[in-house]
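Written below as structure tokens is the structure these notes are about.
The values are calculated or read from the model by the stated rules, or taken from the named source; none is laboratory data. What you see is a predicted model; the values in this text were computed from it and never measured. Quick reminder, even Gly has a Cβ in these numbers, built from the backbone with ideal geometry, and neighbours come from all protein chains shown. Just so you know, the surface numbers come from the protein's heavy atoms only, side chains and all, with ligands and any DNA or RNA stripped out. Shrake-Rupley method; radii C 1.70, N 1.55, O 1.52, S 1.80 Å.
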Amino acid sequence: SQASAILAPDTSSTTLRASRPASRGGVSWLSTIPNIRRPSCRPPRRSLIYDSPEADALRAAARRNRITVVMGLSERKGHSLYISQWIIGPDGETLLQRQKLKPTHLERTVFGDGEGSGLTVIDSPLGKLGGLCCAEHVQPLTKAA
């Protein structure tokens with residue numbers, strides 16, 4: 001059976017925290033909001049790169065704890081930033097990597113448009129999983145996909 005744990009990347013110091021909830025089994029949730037709205041914050045430095053030691057540490061932690069990680073993040077690809085979602089399986093393999101299709105008004109000052117290849121539902125040990133970011137939930141064509 002899959003262990004229940006919470007993983008939170010701390011990209012400001014590139015460390016990982018893993019904590020076990022009081023109850024055993026079941027699904028645990030952690031909701032985080034990246035601090036990108038303050039002018040003093042530097043999103044490029046706090047954004048994860050898929051093929052980086054920090055992302056490798058996330059995959060290793062998922063594998064070590066036998067958990068499925070579903071996370072929203074600021075992702076850097078080349079010279080662009082994206083609002084992204086990653087799903088990592090309990091074996092540490094990436095099940096889904098996607099970018100938000102169209103950032104909202106203020107987000108466009110920082111984040112680029114994503115492409116639609118990750119707009120899908122995948123099979124996971126927890127069942128079928130997929131995800132939308134923020135305003136994608138109210139965009140009819142995105143929901144229809």
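Name, by its number, the condition in (1) crowded, with 16+ Cβ neighbours inside 10 Å; (2) modelled with pLDDT of 90 or more; (3) not in a strand (DSSP E or B) that does not hold for Leu101. The one condition Leu101 does not meet is (2). Hey, among Thr11, Thr94, which residue is at pLDDT below 75, under 14 Å from the mean Cα position of the chain (by Cα) and hydroxyl-bearing (Ser, Thr, Tyr)? Testing whether each residue is at pLDDT below 75, under 14 Å from the mean Cα position of the chain (by Cα) and hydroxyl-bearing (Ser, Thr, Tyr) leaves just Thr11. Confirm whether Asp113 is open to solvent by 60 Å² or more (accessible area, probe 1.4 Å), closer than 18 Å to Glu75 by Cα and in a loop (DSSP other than H, G, I, E, B). Considered against the rule, which asks whether it is open to solvent by 60 Å² or more (accessible area, probe 1.4 Å), closer than 18 Å to Glu75 by Cα and in a loop (DSSP other than H, G, I, E, B), Asp113 comes out as yes. Taking (1) within 16 Å of the chain's Cα centre (by Cα); (2) surrounded by 17 or more Cβ atoms within 10 Å (Cβ to Cβ) in turn, Thr142 satisfies each apart from (1). Within region 48-73, being surrounded by fewer than 22 Cβ atoms within 10 Å (Cβ to Cβ), small (Gly, Ala, Ser) and more than 11 Å from the chain's Cα centre (by Cα) holds for Ser52, Ala57, Ala60, Ala61.
Per-residue answers, yes or no, for (1) assigned to a strand (DSSP E or B); (2) touching a residue at least 12 places away in the same chain (Cβ under 8 Å); (3) open to solvent by 40 Å² or more (accessible area, probe 1.4 Å); (4) touching a Leu at 6+ places or on another chain (Cβ under 7 Å):
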{"site": "Glu75", "(1), (2), (3), (4)": "yes, yes, no, yes"}
{"site": "Leu81", "(1), (2), (3), (4)": "yes, yes, no, no"}
{"site": "Pro90", "(1), (2), (3), (4)": "no, yes, no, no"}
{"site": "His105", "(1), (2), (3), (4)": "no, no, yes, no"}
{"site": "Ser117", "(1), (2), (3), (4)": "no, yes, yes, no"}
{"site": "Gly131", "(1), (2), (3), (4)": "no, yes, no, no"}
